[in-house]
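Contents: one structure, followed by commentary.
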């Protein structure tokens, strides 16, 4: 299994299908590393390399446990602490999503949170997964002042339940 394949499998198992491993996520979203090694038939060294080199820092390794930092579609309490966001955050998407976003804002859909990037380049990479990206600005400071709760995951992604359309800046 290549490192890219392992990264994709870890994302799937740790974020969406821990039951395929025969486990329920522990508090914080943790899974024993040995479970991963047995199930995927990979070495600890390969898992450590994928965790260390993942450009989006999707995973955390804590001794004998591993977890996905965010993006879960299964119930999990990651123990994230509310935090004050910067005044502006960014969200990368694709042009086809804009009509729904203009009507409804950003919604978490099957995930636990809407994911926001601290910089334009990260948002561009996220949005480019489905073709040419569109970058939206989010007035996070104004949202926070209005009572919306933000948290920041270990890899720097900002998380919020939803972003109403009135807090979005539209591409020109």
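No value in this document is a laboratory result; all are computed from the given coordinates. Everything quoted here is computed from the prediction, not taken from an experiment. When we count neighbours, we look across all protein chains shown, and the Cβ atoms used for this are built from the backbone with ideal geometry, even at glycine.
Taking the 0 to 90 degree range and rounding to the nearest ten, how far is the long axis of helix 44-53 tilted relative to the main principal axis of the chain, both from C-alpha atoms? With both axes taken from Cα atoms, the answer is about 20 degrees.
Every Cα-Cα pair of the stretch 1-92 was included, and the share exceeding 23 Å stands at 24 percent.
Considering only alpha-carbon pairs that sit under 8 angstrom and 6 or more positions apart, the relative contact order computed for the chain is 22 percent. The computed volume of the Cα convex hull per residue in Å³ for the structure shown corresponds, within (i) 134; (ii) 118; (iii) 142, to (ii). Divided by 2.2 N^0.38 Å, where N counts the residues, the Cα radius of gyration of the stretch 132-172 comes to 1.25.
Relative contact order, whole percent, for the stretch 3-68 stands at 37, derived from Cα pairs under 8 Å and 6 or more residues apart. Here the sum of -39500 (n - 2.57) over DSSP H runs of 4 or more residues, divided by the residues of the chain, equals -8500 deg cm²/dmol at 222 nm, to the nearest 500. Distance between the C-alpha centres of the stretch 101-150 and the stretch 1-37: 26 Å, rounded to the whole angstrom.
Taking 45 Å as R0, compute the FRET efficiency from the Cβ-Cβ separation of residue 107 and residue 35 and round it to 0.05. Given R0 = 45 Å and the Cβ-Cβ separation, E is 0.90. Modelled spin-label separation between residue 49 and residue 132, with each label point placed 7 Å from Cα along the Cα-to-Cβ direction: 3.8 nm. Over all orientations, the stretch 41-133 has a Cα convex hull whose mean projected area works out to 8.3 square nanometres. Each 5 Å bin, from zero up to the one with the longest distance, holds this percent of the alpha carbon pairs of the stretch 89-169: 3, 16, 27, 31, 17, 5, 1.
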